[in-house]
Amino acid sequence: MTRVPLAALAALLVLASAAPPRPAGAAPYTFVLGIAQDGGIPQAGCRLSCCTSGRHERVARLAIVDPASRRWWLIDATPDFPSQLAAMAREAPACSLAGIFLTHAHIGHYTGLVHLGREVMGSRGMPVWAMPRMREFLATNGPWSQLVTLRNIELGSLAADSAITLGDSLHVTPFRVPHRDEYSETVGFRIASSRGSVTFLPDIDKWERWNRRIEEVVNGSSVAYLDGTFFDGAELSGRDMSEIPHPFITESLDRFATLPAATRARVRFIHLNHTNPALVKSSPERLRIERSGARVAAAGERVGL
Ligand SMILES: [Zn+2]
Ligand SMILES: [Zn+2]
Ligand SMILES: [Zn+2]
């Protein structure tokens, strides 16, 4: 039996429990500002222990930080907009918000825009990039249209698979995915530099309904934040889950089982519903994800680009 010196073991434990390190120097990075589905945690009306225990998880959203240019950008404007902006003031105090990219018109992804209006921030010309139907929706429906007419926000055009350049080698590219598109298209985003890329895909119906293979998307990413809304089909009693389709985490794990371990390690599930048992550390469901090599995303984690 190999004896490990106590001091070395203690150092290892400290390393294992430390927060992920901030990327070195002035390189850009992504920062997770929340991991919950649109309703957040606690979710309104839920009287189960998932929402009455005092736990709080903000709605899924990603920030892109470029310390060199002292700017940062948001992907989605969630109902947790105020506390997420406060979190960014702590994370990147020298940087300021330079724009917002929107995935789609479900409440967890755009309603935080209300805080840009004159009742709160009174921002001037904040760039908000959106796909054509999403732009039309914002420009023609109050209260969003007031943000446009008062020039609190400046709508920028996104086109699928066409990159927006944020800096010398920093690009954001939207890609279309199938989802319940009542008011807008739905996109995911690929954030890329010359050093790596992060995929953010919080909402999609089912992997099989997409014309791209998720395995290839994961393979082409340094880290892929993927729809982990529900763990499996038994999660919501009293609701028809076919009306709110998402890839179950169990289905994703089955698909990814054939991938090399190094590729599986790039997967981080995000956008978890309050009922998702994988939210609970050391639950059998969480351990099953971790045994596969994937992870549940954590608020505050950074990925260097
Ligand atoms: Zn959502
Ligand atoms: Zn709940
Ligand atoms: Zn949605």
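Data table
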quantity: Simple Cβ-charge dipole of the chain, Lys/Arg +1 and Asp/Glu -1, about Cα centre, in debye nearest 20; calculated: 900 debye
quantity: Segment Arg195-Ala89, length gained on full extension (0.36 nm per residue, minus Cα span); calculated: 35.6 nm
quantity: Solvent-accessible area per residue for the stretch 158-267 (1.4 angstrom probe, square angstrom); calculated: 43 Å²
quantity: The stretch 245-305, relative contact order in percent, only Cα pairs under 8 angstrom and at least six apart counted; calculated: 33 percent
quantity: Loop GluC sites (Glu not before Pro), the stretch 112-195, which have at most 11 other Cβ atoms in a 10 Å radius of their Cβ (DSSP); calculated: Glu119, Glu182
quantity: Percent antiparallel among DSSP beta bridges (both partners in the stretch 86-241, rounded to 5); calculated: 55 percent
quantity: For the stretch 107-152: accessible area per residue (Å², 1.4 Å); calculated: 52 Å²
quantity: Restricting the stretch 157-191 to trypsin sites (Lys or Arg not before Pro) in coil, as DSSP defines it, with at most 14 other Cβ within 10 Å; calculated: Arg180
quantity: Percent accessible area from carbon and sulfur atoms, the stretch 213-305, protein chains only, probe 1.4 Å; calculated: 50 percent
quantity: Cα gyration tensor shape for the stretch 32-96, rounded if a/c is under 1.5, else prolate or oblate; calculated: prolate
quantity: Anisotropy class of the stretch 40-193 from Cα gyration tensor, a/c 1.5 cut; calculated: rounded
quantity: Antiparallel bridges, percent of DSSP beta bridges restricted to the chain (to nearest 5); calculated: 55 percent
quantity: Helix-only [θ]222 nm of the chain, DSSP H runs n ≥ 4, -39500 (n - 2.57) each, per residue, nearest 500; calculated: -6000 deg cm²/dmol
quantity: Rounded to 10°, Cα long-axis angle of helix 6-17 versus longest principal axis of the chain; calculated: 30 degrees
quantity: Normalised contact order of the stretch 108-186, rounded percent, pairs of Cα under 8 Å and 6 or more residues apart; calculated: 29 percent
quantity: Net charge contributed by nearby residues that have their C-beta within less than 14 Å of Leu116 (K/R +1, D/E -1); calculated: 0
quantity: Column: log10 I(q)/I(0), Debye, Cα scatterers of the chain, q = 0.07, 0.09, 0.10, 0.11 Å⁻¹; calculated: -0.27, -0.45, -0.55, -0.67
quantity: Relative contact order (%) - criterion: Cα under 8 Å, at least six apart; region: the chain; calculated: 18 percent
quantity: Cα-projected label distance for Leu150 with Asn219, points at 7 Å along beta-carbon direction, nm; calculated: 5.0 nm
quantity: Helix 81-91 axis, angle to the chain major axis (alpha carbon atoms, nearest 10°); calculated: 60 degrees
quantity: DSSP bridge orientation in the stretch 38-108 - percent antiparallel, rounded to nearest 5; calculated: 55 percent
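The values are calculated or read from the model by the stated rules, or taken from the named source; none is laboratory data. This structure is a prediction, so every number in the text was calculated from the model and none was measured. Cβ sites come from the backbone with ideal geometry, for glycine too, and all protein chains shown count toward neighbours. Accessible surface areas use protein heavy atoms only, side chains included; no ligands, DNA or RNA. Shrake-Rupley method; radii C 1.70, N 1.55, O 1.52, S 1.80 Å.
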